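For reference, the structure is listed below as structure tokens.
The values are calculated or read from the model by the stated rules, or taken from the named source; none is laboratory data. Every value quoted in this text rests on a predicted model; they were computed, and no experiment measured them. Backbone-built Cβ (ideal geometry, glycine too); neighbour counts: all protein chains shown. Quick note on the areas: whole protein, heavy atoms, side chains included, nothing else; ligands and nucleic acids left out. Shrake-Rupley method; radii C 1.70, N 1.55, O 1.52, S 1.80 Å.
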Amino acid sequence: MVEAPVRVRARTQDDGAGGPAVPGATGGGGAGPVALGDFLRAMRNHRQPHEVGLAGHQGNRRVPGLRRQEVADLADVSLDYYTRIEQGRVGEVSAAVLAALGRALRLTAEESTHLRRLAAPATRPHRFHAHPPLRPQLVALADAFAVPASVVTSGFDVVAANLPWRLLTTPAGRPPAAGGNLARLHFLDPCARRLRPEWEDDAVTVVAGLRVQAARHPGDQRIEQLVRELTAASADFRRLWAVPVITGSTHGRSRIVHPRAGEYRFDYETLETPGAEGLIVTTYCPTPGSGAREVLERLLAEHHRASARSSA
């Protein structure tokens with residue numbers, strides 16, 4: 001089972017030259033020197049001395065996590081250089097320094113990958129105004145899975161989904177349909193809290209995935225607009241967007257409680273399609289031994305019976 005992300009409270013104070021202590025305070029997401037500095041500062045505030053091998057450095061501390069000097073010492077870089085990285089004043093950070101910072105801050109594999117992504121040389125921003133083209137082969141791929149599967153854009157718009165996914169995720173009283181936006185549905189649709197008993201954990205996962213996509217597609221207007229919309233409309237999104245959690249953005253475990261078929265426990269995996277289209281295929285496989293496969297069979301049998309009655 002995937003380890004649950006650590007809950008942390010967003011902070012806005014620092015021990016250096018000011019600035020936001022968490023990503024998102026300056027607009028959120030994206031990549032580049034400023035986003036890299038925001039992420040490093042947030043991770044520094046998130047870590048405690050004993051977590052990075054500084055057991056004797058507790059005492060009376062006026063910073064929420066580690067001091068800049070402590071991170072610089074652990075990474076074997078100068079305080080001035082590390083400070084400039086945090087402040088977004090270093091154009092390009094070497095792979096060796098990034099690796100040293102990752103070790104100093106005890107970053108997970110997902111966090112380290114995200115750190116390198118933020119530091120990657122800037123490319124031309126993606127100013128998408130419409131959905132990328134959906135290849136028929138991707139629709140066929142989703143339909144070919146016997147388990148629930150969906151295809152979403154980098155901004156989490158559902159552009160294709162197979163019948164098991166539609167049956168499982170459609171609230172009672174609504175016809176099964178693909179479409180909508182996963183982030184909007186999770187944070188703004190009250191039905192999401194009834195379908196998702198682990199709503200908070202799933203919300204962390206949604207935000208982590210959105211943060212990763214914002215870094216992969218800097219300047220994507222659809223993602224920026226979505227973040228602005230959710231920041232304005234949802235206090236829960238604002239709180240979670242301010243926390244640098246990346247864990248769970250690509251794989252994990254969760255559950256949905258369907259009002260008629262019962263609890264469906266699943267393991268999800270995400271696969272990015274090649275090329276610049278930015279589409280993501282996600283499968284939701286029944287967790288072995290959980291009874292989830294039987295839940296799926298009941299849903300499909302119920303649907304086929306209803307279809308047979310309507311066509312009779």
Practice task
In whole Å, largest first, what are the principal axis extents of the Cα atoms in the range 181-253?
Solution key: 34, 26, 20
Completion exercise
Answer check: the range 157-312, Cα atoms, Kirkwood Rh, Rg/Rh ratio of 0.98
Problem - Ordering of 153-162, 207-216 by packing [mean C-beta count within 10 Å, highest first] - result: 207-216, 153-162
Exercise for the section: Set the Förster distance to 25 Å, then compute FRET efficiency between Ala301 and Asp189 from the Cβ-Cβ distance, nearest 0.05. Expected result: 0.40
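Could you tell me what percent of the accessible area of the range 204-312 is made up of carbon and sulfur, with a 1.4 Å probe and every protein chain present?
Values: 2630 of 4830 Å².
The nonpolar share, carbon plus sulfur, comes to 54 percent.
Between Gln225 and Ser311, how high is the FRET efficiency from 1/(1 + (r/R0)^6) when r is the Cβ-Cβ distance and R₀ = 35 Å? Nearest 0.05.
Numbers: r = 42 Å, r/R0 = 1.19.
Here the calculated transfer efficiency is 0.25.
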Exercise for the section: Kindly provide log₁₀ I(q)/I(0) values, in the same order as q = 0.14, 0.22, 0.28 Å⁻¹, from the Debye equation applied to equal alpha-carbon scatterers of the range 47-100. Expected result: -0.40, -0.88, -1.17
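Could you sort the peptides 299-307, 242-250, 217-225 by per-residue average Cβ neighbour count (10 Å cutoff), highest mean leading? Intermediate values should be presented prior to the final figure.
Values: 299-307: 13.1, 242-250: 21.8, 217-225: 19.9.
In descending order of packing, they fall as 242-250, 217-225, 299-307.
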Handout entry: Gain on full stretching of the segment that runs from Tyr81 to Glu263 - 0.36 nm per residue minus C-alpha separation
Key = 60.3 nm
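Residues with beta-carbon under 14 Å from that of Leu296, excluding Leu296: net charge, scoring Lys, Arg +1 and Asp, Glu -1? Working shown, then result.
On the way: positive: Arg166, Arg255, Arg260, Arg265, Arg293, Arg298; negative: Glu263, Asp267, Glu294, Glu297, Glu302.
Every neighbour counted, the sum reads +1.
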Handout entry: Virtual spin-label span in nm between Ala55 and Thr270, 7 Å along Cα→Cβ
Key = 3.8
Completion exercise
The convex hull of the Cα atoms of the range 217-286, divided by residue count, gives a volume in Å³ per residue of 141
Exercise for the section: Scan around Glu269 for amide H atoms under 5 Å from its own, H built in the peptide plane at 1.01 Å from N, and keep only partners 5 or more places away or cross-chain. Expected result: Thr283, Cys285
Fill in the blank from the handout: Relative contact order as a percentage, the range 191-282, C-alpha pairs under 8 Å and 6+ apart, gives 28
Completion exercise
Expressed in nanometres to one decimal, the distance between label points 7 Å along Cα→Cβ at Phe145 and Arg116 is 2.6
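Given contacts defined as C-alpha pairs under 8 Å and at least six residues apart, what's the relative contact order of the range 168-244, whole-number percent? Please list the in-between numbers first.
On the way: 40 pairs, mean separation 22.4, N = 77.
Relative contact order for the range 168-244 comes out at 29 percent.
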Handout entry: Inter-probe distance in nm under a simple model that places probes 7 Å from Cα toward Cβ, at Glu198 and Glu294
Key = 2.1
